[in-house]
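Below is one structure, written out as structure tokens; the observations come after it.
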Amino acid sequence: MKFLIYRYDPESDKKPFMQTFELHSKDVQPGMMLRDALLKIKSRDETLAFRHSCGEGVCGSDAININGKNGLGCLTALSSLKEPIEVRPVPGMPIIRDLVVDMSQFFHHYRAVKPWLIVHDSEPEVEYLQSPEDRDKLDGLYECILCGCCSTACPSFWWNPDKFRGPAALLQSYRFLADSRDQATEERLEDLDGPYRMFRCHTIMNCTNVCPKGLNPSAAINNIKKLMVKDMV
Amino acid sequence: MSMDLPRRQFDTLVIGAGGGGLRAALQLAQADANVAVVSKVFPTRSHTVAAQGGINAALANVLPDNWHWHMYDTIKGSDYLGDQDAIEYMCRAASHLVVELEHAGVPFSRLDNGKIYQRPFGGQSQNFGGEQAARTCAAADRTGHVILHTLYQQNIRAKTHFFDEYFAIDLIRDDNGFILGVLVLEIETGEPLLIEAKTTLLATGGAGQLFRTNTNAHINTGDGLAMALRAGIPLQDMEFFQFHPTGVAGRGMLITEGARGEGGYLINKDGERFMERYAPHAKDLASRDVVSRAIFTEVKEGRGCGPDADYVLLKLDHLGKEVLDKRLPGICETSRTFLHIEPAEEPIPVYPTAHYTMGGIPTNRFGQVVVPVEQGEECIPGLYAVGECACVSVHGANRLGGNSLLDIVVFGRAAGNDIIQFLKNNRYHRKIDENSVQAALDHLHRWDKKDEGESVAGIRTDLQAVMEEYCGVFRTEEILKQGLEKVLEIEKRMEHVRLKDHSKIFNTARIEALEVENLLDLAVATVTSALARQESRGAHSRIDYPDRNDKQWLKHSLFFKEGRRLDYKPVTLQPLSVETFPPKPRVY
Ligand SMILES: Cc1cc2nc3c(=O)[nH]c(=O)nc-3n(C[C@H](O)[C@H](O)[C@H](O)COP(=O)(O)OP(=O)(O)OC[C@H]3O[C@@H](n4cnc5c(N)ncnc54)[C@H](O)[C@@H]3O)c2cc1C
Ligand code: SF4
């Protein structure tokens, strides 16, 4: 099985290049994921750098660009990929080394949407009550693992990485807007107003197409827009 | 050399951004302490994120419950090795802390009346051993994810200072025994940094990577435990390693106990619900050690499933698609992705899999690290530990499902509070011990040697295979002796291991080398402690000593790195306010 992997070590390489690796068929077991293959390759060439940890799609470390599409190495079956398998860092981010990118900007936007529950009333001694129907509204939102596949697949995010919050942060914002316990709707909506923070979204839908958790940031953004309209009337 | 090292100073330092570290940091930040959190991965990548089934608290939202019953179950689950003062403290605090998590934003699943959803889990009973209880508070099967993300979010709000992707190498300790901070490595630049602090809290998680097949993340290499060992601090009860009954056979991903809590059960090749034979009362919801041994025995006696008869099946289809989608969406996704199995139609192949480190850095219920002295024990000034790397000990010889998420928030908070007191009494930074800094730097620079040698990856693979084969679910004197020999051989080989990659920027090979060194120290600790304990208790099952022996072994082991010495200390049988639960035969 043939791989083409993006390599760049700023200490020794003048510029990035694609390196070919081959895995012998006896090294490729059925059901193997791309992350397993990268680990095999790394055991031969320890200089290959990539992030990974849980191996089951919950930690969000191993977002990479696989045959042109963003995804998680640990959830992508080798059998689903055309050869040579081309692996690159997720696009649009500063590259630290090989497949490792600098995610600071991405996390900055995440922090900027105030991703925490805001309640102004005084706290009861027991839990806040929430009906199962209200809790259902958080499904498809709270599961985000902050992998960054979506935002780094979004042209609007590439062009305005400093001003546009990006799909992941906006999905996060909606996760709190949709929470029946949260009391900061107005504040949150005001904060997203203006031409850039949210309105740079042109509904290209790349985010939704790549999300490895099957979430729909695009729909979340639409729902925020609807809330804004409601807020205005 | 240590003189031109960059240095930073904080009041208090937390190593680890899992649930334990973040809960402590939150307590500290909210008290306006100047707190820094160091983590080798971005905080929400910590392995707390993978916890599925839930967190225990006797909220009694579904069935009658109270903290005293929870306390009894935990002590019985621990096979009486748990310290009853710490267990009482934890179970009493549980309801308050779970409600606090809910107020902080955790999106728990809900009951029709709007309260937090609770499910039955293994080892839970009403009324001190009566009917099954439902004590585990859950957000579908993603409870760890929601707790970790919420705690991180609250820390951003409280303006905790984070060092993301910094690797802690060694504790800095002076001749008076004070811990003064930690030498860390910035992964992105490859530059070392000395972080000085009046207190250091270790919250570095477990060491599941000791075993080949495990439910843990790649990063769970027990670094904090090995740092403690190197600083001369013993590790407690390392022979007790939990094998979770239901890891995906051969691969290790966890299928939560919540699957059995929701009504799933195990069958062998004859379709027999075999747990009825091993635990007539609790059946599939017996303690984990009991279920794991049962599966192992079924397979060994030829009743395993599959072409090689080497696993059993977890049957869930009778629960129906609706329940599965609502309550267990995560494990359904995992089965589909990794096994191409639809749990609503087909059972899942499972086998006992290395899961949880019961042993760890010895602490009291305030999170202070304690070591034995001639009469009793004393604290190591400035050092704290919580979570899976600590041994407080609330889990004793066998942890109950749902008690670890509870452990990390309860003792994370307790340690935070105690640190606040310590800071009040210790206003100034002590002078740094340059020799200790140099020793830590030497440890790091050992990996700069450039001659030829064996690779790190080979050592890791061999070590994991040895641990799995020689220190698994069932043990004997002979097997453990061989295991120790093999681990010591690997230790010798380690001296000749070299890196090929000597670059600085994001050098993951160097990080892995440091991690494997840590694992190796822990393997020696685990096998040595297991070999010495001549009884069967909780997760430590000796075929040659099949019974629990309270006369000789109702005590905690302490392993010291120097000379591979073992010491022992008594179990605290005296709770805080209620009566002792004296050891009884343990049946489920
Ligand atoms: C798959 C799975 C499912 C589970 N489900 C449940 C459940 O349902 N209920 C329950 O109660 N328990 C469950 N557990 C157990 C529980 O999740 C863990 O025991 C608990 O989350 C550990 O938390 P922690 O804060 O101690 O460590 P972790 O969450 O593991 O965090 C460790 C932190 O330390 C950092 N760190 C480690 N070494 C270094 C170093 N050298 N330098 C810098 N940083 C370092 C890491 O980056 C990380 O931030 C489960 C465990 C697993 C593996
Ligand atoms: S929305 Fe999906 S793709 Fe985007 S960060 Fe979250 S999990 Fe990743």
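The values are calculated or read from the model by the stated rules, or taken from the named source; none is laboratory data. Keep in mind that this is a model prediction, so the values were computed, not measured. Glycine gets a Cβ as well: all are built from the backbone with ideal geometry, and neighbour counts include every protein chain shown. To get the accessible areas, we keep the full protein, side chains included, count just its heavy atoms, and leave off ligands, DNA and RNA. Shrake-Rupley method; radii C 1.70, N 1.55, O 1.52, S 1.80 Å.
Numbers at a glance
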quantity	calculated
Matching residues, the range A:75-117, being part of a loop (DSSP other than H, G, I, E, B), facing another protein chain (nearest Cβ under 9 Å) and open to solvent by 10 Å² or more (accessible area, probe 1.4 Å)	A:D102, A:M103, A:K114, A:W116
Matching residues in the range B:310-333 - criterion: being in contact (Cβ under 8 Å) with a residue 40 or more places away in the chain and either within 14 Å of another protein chain (Cβ to nearest Cβ) or surrounded by fewer than 15 Cβ atoms within 10 Å (Cβ to Cβ) (or both)	B:D310, B:H318, B:V323, B:K326, B:R327, B:L328, B:P329, B:G330, B:I331
Pair list, Cβ < 7 Å and 6+ apart or interchain, from the range A:140-157 residues that are under 13 Å from A:I221 (Cβ atoms) and more than 16 Å from ligand 1 (Cβ to nearest atom) to residues that are of a type in the set (S, T, Y) and in a helix (DSSP H, G or I)	A:L141/A:Y174; A:F157/A:S151
Residue among A:C59, A:C54 that alone is within 10 Å of chain B (Cβ to nearest Cβ), closer than 18 Å to B:S46 by Cα and touching a residue at least 24 places away in the same chain (Cβ under 8 Å)	A:C59
From B:I419, B:I479, B:I432, B:I459, residue being in contact with a Ser or Thr (Cβ under 6 Å, 6 or more places away or on another chain) and either under 30 Å from B:I255 (Cβ atoms) or of a type in the set (A, V, I, L, M) (or both)	B:I419
Residue check for A:L129: within 17 Å of A:P212 (Cβ to Cβ), among the aliphatic types (A, V, I, L, M) and not assigned by TED's automatic domain parsing to the domain that holds A:H52	no
Residues located in the range A:51-67, provided they are outside any loop (DSSP other than H, G, I, E, B) and surrounded by fewer than 24 Cβ atoms within 10 Å (Cβ to Cβ)	A:N65, A:I66
Condition check for A:P161: closer than 22 Å to A:C147 by Cβ, open to solvent by 20 Å² or more (accessible area, probe 1.4 Å) and within 16 Å of ligand 2 (Cβ to nearest atom)	yes
Only one of B:L194, B:L148, B:L183 that is within 16 Å of ligand 2 (Cβ to nearest atom) and either touching a residue at least 40 places away in the same chain (Cβ under 8 Å) or open to solvent by 20 Å² or more (accessible area, probe 1.4 Å) (or both)	B:L148
Of all residues making up the range B:360-388, the number that are in contact (Cβ under 8 Å) with a residue 40 or more places away in the chain and either out of contact with any strand residue (DSSP E or B) (no Cβ under 9 Å at 6 or more places or on another chain) or small (G, A, S) (or both)	6
Condition check for A:R181: touching a residue at least 40 places away in the same chain (Cβ under 8 Å), under 13 Å from A:I224 (Cα atoms), open to solvent by less than 60 Å² (accessible area, probe 1.4 Å) and of a type in the set (D, E, K, R)	no
Lone unmet requirement of (1) within 23 Å of the chain's Cα centre (by Cα); (2) within 29 Å of B:I116 (Cβ to Cβ) for B:H281	(1)
Failed item, numbered, when B:G472 is tested on (1) touching a residue at least 60 places away in the same chain (Cβ under 8 Å); (2) more than 24 Å from the chain's Cα centre (by Cα)	(2)
Among residues of the range A:125-137, those that are in a loop (DSSP other than H, G, I, E, B) and at the interface with chain B (Cβ under 7 Å from one of its Cβ atoms), counted	6
Qualifying position, being aliphatic (A, V, I, L, M), open to solvent by 10 Å² or more (accessible area, probe 1.4 Å) and within 15 Å of B:E388 (Cβ to Cβ), among B:I219, B:I267	B:I219
Residue selected from the range A:138-168 under the condition within 10 Å of chain B (Cβ to nearest Cβ) and either in contact with a Phe, Trp or Tyr (Cβ under 7 Å, 6 or more places away or on another chain) or of a type in the set (K, R) (or both), by the criterion farthest from A:P91 (Cα to Cα)	A:L141
A:L129 open to solvent by less than 10 Å² (accessible area, probe 1.4 Å) and away from ligand 1 (no atom under 16 Å from the Cβ)	no
Residue among B:L101, B:L81 that alone is part of a helix (DSSP H, G or I) and away from ligand 2 (no atom under 16 Å from the Cβ)	B:L101
Residue list for the range B:1-44, filter: away from ligand 1 (no atom under 16 Å from the Cβ), in contact with a strand residue (DSSP E or B) (Cβ under 9 Å, 6 or more places away or on another chain) and more than 14 Å from chain A (Cβ to nearest Cβ)	B:S2, B:L5, B:P6, B:R7, B:Q9, B:D11, B:A33, B:N34
Qualifying positions in the range A:15-37 - within 11 Å of another protein chain (Cβ to nearest Cβ) and within 25 Å of the chain's Cα centre (by Cα)	A:G31, A:M32, A:M33, A:R35, A:D36
Residue in the range B:512-523 that is of a type outside the set (D, E) and surrounded by fewer than 17 Cβ atoms within 10 Å (Cβ to Cβ) present	no
The lone exception for A:R197 - which of (1) open to solvent by 20 Å² or more (accessible area, probe 1.4 Å); (2) within 16 Å of ligand 2 (Cβ to nearest atom) it fails	(2)
Scope the range B:243-277; condition of a type in the set (D, E, K, R), part of a loop (DSSP other than H, G, I, E, B) and over 18 Å from the mean Cα position of the chain (by Cα); matching residues	B:R251, B:E262, B:K269, B:D270, B:E272, B:R273
Condition check for B:G122: part of a loop (DSSP other than H, G, I, E, B), on the phi < 0 side of the Ramachandran plot, open to solvent by 10 Å² or more (accessible area, probe 1.4 Å) and out of contact with any strand residue (DSSP E or B) (no Cβ under 8 Å at 6 or more places or on another chain)	no
Among the candidates B:I172, B:I187, B:I179, B:I195, residue that is of a type in the set (A, V, I, L, M), within 10 Å of chain A (Cβ to nearest Cβ) and in contact with a strand residue (DSSP E or B) (Cβ under 9 Å, 6 or more places away or on another chain)	B:I187
Residue satisfying condition, being part of a helix (DSSP H, G or I), away from ligand 2 (no atom under 11 Å from the Cβ) and of a type in the set (S, T, N, Q), within set A:S156, A:S122	A:S156
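This table checks each residue for (1) aliphatic (A, V, I, L, M); (2) touching a Gly at 6+ places or on another chain (Cβ under 7 Å); (3) more than 11 Å from ligand 1 (Cβ to nearest atom).
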position	(1), (2), (3)
B:M227	yes, no, no
B:F240	no, yes, yes
B:P245	no, no, yes
B:G250	no, no, yes
B:T256	no, yes, no
B:L266	yes, no, yes
